[in-house]
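Asks: My questions will all concern the structure given below.
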Amino acid sequence: MFVARFFNKDNLFQRFGGWTSDIMEKKKLVFKDEEKNIRSKPMTITKSPLLTEHILFQATSIYIDLIYLKKAETECINQFKLFENKLDLKIDKIRFHSPYLLDLSIRISPILNSIRILQNLVIRLLKYELNKMTLPNSMHKYIKNKNHQEQISNEINNIINKYWENSGEKVKQYRDINQHHYPLVRETYLQIKPEIKVLVLLPDNPDKKAYKDALFNEQINAIDYVLSAFYKFHDLLESLSSELGYEPKPFQQELRIGRFIENKNETDLGTIGLIIYNSTRARKINFMNGGFIQDELFLKKKDEIN
């Protein structure tokens, strides 16, 4: 499950859209005779669509979390301003807490978690795309083992290694701290000067796993960091898609129907699915005469109704 309009509107993952489209077209060709025995199909055909779906789901999750993270930051600042003239502010930042800060903070770890999942999904997708079935299911294991990298072209290796050095490894380290060692979101402040902003500081040295060893001299703000980490993963996936020869292609909003009707013998089930785009536009999917019929639906806005 993902929201196509998010990615299309912001021109995100469009080359991966071409890769995804190619995978789905190959699946349709293999299944065109409506054979039901999935186990007999090549793993590339059965696994790759699930992996692309998972990638898009995780990316959508991050996209939505980033939206709400920024909204929560704005609300934190608005709340501060209500009391600002009652404070004796002499230093550049103060310790800070509000309900909106909690709403902001709880989104940091899920974003890092999702990026870590995405790293591993990319390696798994390459495994089936390139038919290199001995590749691991983890980007970390792929990076550590030169034997794995020797199975892949230098161009693809360079793309993955550059990403890992510039972003991927640090994402893993932050995620590992939060999962195995201590709460990552502990150092929260409101910066007063030179501009008002929320600071959720991440340690400069995430390779050190004990909180007593954590340094915060670089003032790495998690709000900015997770946004940057998301776009660096985006660039990784787009670079891989380009290297594999895929052209940009906007996403189409789809609804999985297959298993829902595979055991139904009726030829006319009426409406079996509904995709809502917004409050005035949707698409219905009917199953009639043994096939799918899709129709766009439009509602008038209230101010257009007589």
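Bear in mind that the values in this text are calculations on the coordinates, not laboratory data. Given the structure is predicted, the values throughout are model-derived calculations rather than measurements. Here the Cβ is made from the backbone with ideal geometry for all residues, glycine too, and neighbour counts use every protein chain on show.
Asks: State to the nearest 20 debye the size of the charge dipole of the stretch 104-248 about its Cα centre, where the only charges are +1 on K and R beta carbons and -1 on D and E beta carbons.
Replies: Roughly 580 debye, rounded to the nearest 20.
Asks: Another question, if that's okay. Which entry in (1) -0.44, -0.67, -0.96; (2) -0.61, -0.84, -1.05; (3) -0.55, -0.77, -0.98 is this structure's computed log10 I(q)/I(0) by the Debye sum over Cα atoms at q = 0.09, 0.11, 0.13 Å⁻¹?
Replies: Only one listed value fits the structure, namely (2).
Asks: Sticking with this one: Can you tell me what the convex hull of the Cα atoms of the stretch 163-224 projects to on average, as an area in nm²?
Replies: Averaged projected hull area, Cα only: 4.5 nm².
Asks: Hand me the trypsin sites (Lys or Arg not before Pro) from the stretch 165-194 located in a DSSP loop with no more than 16 other Cβ atoms within 10 Å, in residue order please.
Replies: Filter output for the stretch 165-194: 186.
Asks: Same structure again: Using a cut-off of 14 Å between beta-carbons, work out the net charge of the residues near residue 100 (Lys and Arg +1, Asp and Glu -1, residue 100 not included).
Replies: That works out to +2.
Asks: Enumerate the calculated ³J(HN,Hα) couplings along the stretch 56-61 in order (Karplus 6.51 cos²θ - 1.76 cosθ + 1.60, θ = phi - 60°), each rounded to whole Hz, writing x wherever the residue is Gly or Pro.
Replies: Per-residue couplings from phi come out as 5, 5, 5, 5, 5, 4 Hz.
Asks: Arrange 233, 251 by Cβ neighbour counts within 10 Å, fewest through most, would you?
Replies: 251, 233
Asks: In debye to the nearest 20, how big a dipole does the chain give about its Cα centre with +1 on each Lys and Arg Cβ and -1 on each Asp and Glu Cβ?
Replies: So the magnitude is around 540 debye.
Asks: Turning to a different aspect of this structure: Compute the longest continuous run of the chain that contains no exposed GluC sites (Glu not before Pro); treat a site as exposed when its DSSP state is not H, G, I, E or B and it has at most 12 other Cβ atoms within 10 Å.
Replies: Answer - 36-149.
Asks: Please compare each pair in 146/208; 144/232; 9/197; 47/144; 162/232 to a cut-off of 19 Å on the Cα-Cα distance and tell me which ones are over it.
Replies: Where the Cα-Cα span goes over 19 Å, the pairs concerned are 146/208; 144/232; 9/197; 47/144.
Asks: At a 10 Å Cβ-Cβ cut-off, how would you order 133, 139, 24, fewest neighbours first?
Replies: In order of increasing Cβ crowding within 10 Å: 133, 24, 139.
Asks: Next question, about the same structure. So what's the angle, to the nearest 10 degrees on a 0 to 90 scale, between helix 222-243 and the longest Cα principal axis of the chain?
Replies: Approximately 30 degrees, to the nearest ten.
Asks: Could I ask something else about it? At 0.36 nm per residue, minus the direct Cα-Cα distance, what do residue 278 and residue 227 gain on full extension? Give it in nm, one decimal, please.
Replies: 15.8 nm
Asks: Right, another one. Pop the C-beta distance of residue 218 and residue 50 into the FRET formula with R0 = 51 Å and round what comes out to the nearest 0.05.
Replies: After rounding to 0.05, the efficiency reads 0.85.
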